[in-house]
Amino acid sequence: YPGNLECRTKYILNDNNEFIIKFHATSDYDTLVNLTNHNYWNFHGHKKFYQKILGHCLKIHSYSYCDIDKNFIPTGKINNANKTKYDFSSFKKINNYELEDNGIDLCYIVEKYDGTLKKIASLYSDKTKMGVQILSDQPCVQFYTGNMMEQSYNGKFNKNYGYQHALCLEPQLFPNAFNQKNIKSSVLHNNKQYASTIVMRLGNNFDE
């Protein structure tokens, strides 16, 4: 792996129910950098409404996603999500249709990306109304429905976590960009600085 890469991460919890992650990285040689966070979310709770992610309402500020091959590697092609299983451009409840055939594990391209911090996704439970809004300055967000989770995670109230019991929303640069001529590379150049921010705004009754 080229270069000595130094990464620093700062975690901030503020009085606005926001959990903020700030990434910084430098390298003494040109190298690849694409940092993100892999939180798992399920806002149904444990005691009363414990279940898989079915019934979560999700909105992703995107109309397109990266095409992938059989190994989940982006091919460089961009697919239109409009009116497909993968369309979350307005709030949509996650049902069996979205989770069948091993669910979803795709990189969505943020609409009207300009490099500034902006809302890219919102998620809440139809039962508890609790949820999260994700803000980021990155051009993409990976949506993953927990398709490779094992069946043996032990949780609170003697509940077990397993297949599709949680989902991830991971702000990031374009994956596999280094191998695609039509996508901006994720190379960090010698003595330049990488920086990115993720804000997870927790709350309830999200409607936008």
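The values are calculated or read from the model by the stated rules, or taken from the named source; none is laboratory data. Quick caveat: nothing in here was measured; it's all calculated off a predicted structure. Please note: Cβ atoms are built from the backbone with ideal geometry, for glycine as well, and neighbour counts cover all protein chains shown.
Could you list, in sequence order, all residues of the range 140-174 that are in a loop (DSSP other than H, G, I, E, B), within 27 Å of LEU54 (Cα to Cα) and not hydroxyl-bearing (Ser, Thr, Tyr)?
GLY146, ASN147, MET148, MET149, GLU150, GLN151, GLY155, LYS159, GLY162, GLN164, HIS165, ALA166
Quick one: VAL132 ticks every box in (1) of a type outside the set (Lys, Arg); (2) surrounded by 18 or more Cβ atoms within 10 Å (Cβ to Cβ); (3) touching a Lys or Arg at 6+ places or on another chain (Cβ under 8 Å); (4) over 16 Å from LYS59 (Cβ atoms) except a single one, so which number is it?
(4)
Here is a check on your reading of the model: is GLY3 assigned to a loop (DSSP other than H, G, I, E, B) and of a type in the set (Gly, Ala, Ser)?
Yes: the conditions hold for GLY3.
Can you list residue pairs whose Cβ atoms sit under 7 Å apart, with the first residue in the range 119-132 being more than 16 Å from TYR40 (Cβ to Cβ) and the second being among the polar types (S, T, N, Q) and at pLDDT 95 or above? Count only pairs 6 or more apart in sequence or on different chains.
LYS119/GLN133; ILE120/SER136; SER122/GLN133
Can you tell me how many residues in the range 34-55 are over 12 Å from the mean Cα position of the chain (by Cα) and not in a loop (DSSP other than H, G, I, E, B)?
Final tally of qualifying residues: 0.
Of the conditions (1) part of a loop (DSSP other than H, G, I, E, B); (2) of a type in the set (A, V, I, L, M); (3) in contact with a strand residue (DSSP E or B) (Cβ under 8 Å, 6 or more places away or on another chain), ILE12 fails just one. Which one is it?
Tallying (1) part of a loop (DSSP other than H, G, I, E, B); (2) of a type in the set (A, V, I, L, M); (3) in contact with a strand residue (DSSP E or B) (Cβ under 8 Å, 6 or more places away or on another chain), ILE12 fails exactly one: (1).
Counting only residues that are buried (at least 20 other Cβ atoms within 10 Å of the Cβ) and either among the small types (Gly, Ala, Ser) or in contact with a Phe, Trp or Tyr (Cβ under 8 Å, 6 or more places away or on another chain) (or both), which one in the range 112-129 is nearest to PRO171 (Cα to Cα)?
Among those that are buried (at least 20 other Cβ atoms within 10 Å of the Cβ) and either among the small types (Gly, Ala, Ser) or in contact with a Phe, Trp or Tyr (Cβ under 8 Å, 6 or more places away or on another chain) (or both), it is ALA121.
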